[in-house]
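Read the structure below first, then the notes.
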Amino acid sequence: STPPAPEGAAATAPTPGLPVLAPSVPATGSAVPGAVASGAGTAPAAPGPSGDAEGDVGAAVLAGDDLAAAVGELAARRAVALAGGDTAGLLLVDAGGSSALRTDTALLAQLDAQGLRWSGLTFDVRDVTVEESGPERAVVLTRVVTGAHEVVAADGGSTPVAATAPRTSRLTLVRVAGQWRIDAVG
């Protein structure tokens, strides 16, 4: 399911919609960020640079078996990558060559082409239900809220975007180098 486009001036900006990682960009050119939930409210803090304590905690979560915690960490990392326009950072979220990575990369390219960026972007993972679970692949059903944020133009002008209602998505997770990544969003 695709999140609705923001109203007004923000309607020309892509919205990072998440079904955790596969936001779609409506024909109008808007995209809304979506998130996945861990049942604990907001997604964990964004990962720190590799090697620091916070980054190590995030890596440990993604290497573990708690899929709700992993989805929360992936949602937090996705918000950081999307808000920072960081396509390389998406590889800490999406599996290389995956449909999720192609969708998120296209979303950032559209935003960049319009001279826009997101500020204050967050994803609040509300629920994670495990549908299938194995050592290298899992499928989870999630409900995620994209938090209120701003679309910022190159000239510094900004347009507020309200938080979304919870969106339900089915995520296929795969292990990449021992850590969970998003392979597909449906």
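The values are calculated or read from the model by the stated rules, or taken from the named source; none is laboratory data. Just so it is clear, the structure is predicted and the values come from calculations on it, not from any experiment. Glycine also receives a Cβ, built like all others from the backbone with ideal geometry; neighbour counts cover every protein chain displayed. When the accessible area is computed, the model is the full protein with side chains, heavy atoms only, and any ligands, DNA or RNA have been set aside. Shrake-Rupley method; radii C 1.70, N 1.55, O 1.52, S 1.80 Å.
Observations on the structure shown:
- Here the range 133-149 is the region considered, the condition is being crowded, with 18+ Cβ neighbours inside 10 Å and more than 17 Å from Gly186 (Cβ to Cβ), and the residue that is farthest from the chain's Cα centre (by Cα) is His149.
- Screening the range 151-186 for residues that are among the charged types (D, E, K, R) and over 16 Å from the mean Cα position of the chain (by Cα) and picking the one that is most open to solvent (accessible area, probe 1.4 Å) gives Asp155.
- Only one of the numbered conditions (1) more than 30 Å from Leu67 (Cα to Cα); (2) surrounded by fewer than 16 Cβ atoms within 10 Å (Cβ to Cβ); (3) touching a residue at least 60 places away in the same chain (Cβ under 8 Å) is violated by Val130, and that is (1).
- The residues listed here are Ala138, Ala163; of these, the one that is outside any strand (DSSP E or B) and out of contact with any Lys or Arg (no Cβ under 7 Å at 6 or more places or on another chain) is Ala163.
- Which listed residue is modelled with pLDDT of 95 or more and part of a helix (DSSP H, G or I), from Leu173, Leu108: Leu108
- Boolean, Ala106 is of a type outside the set (Phe, Trp, Tyr) and out of contact with any strand residue (DSSP E or B) (no Cβ under 9 Å at 6 or more places or on another chain): yes
- Tally, over the range 94-126, of residues that are at negative phi, of a type outside the set (D, E, K, R) and open to solvent by 30 Å² or more (accessible area, probe 1.4 Å): 12
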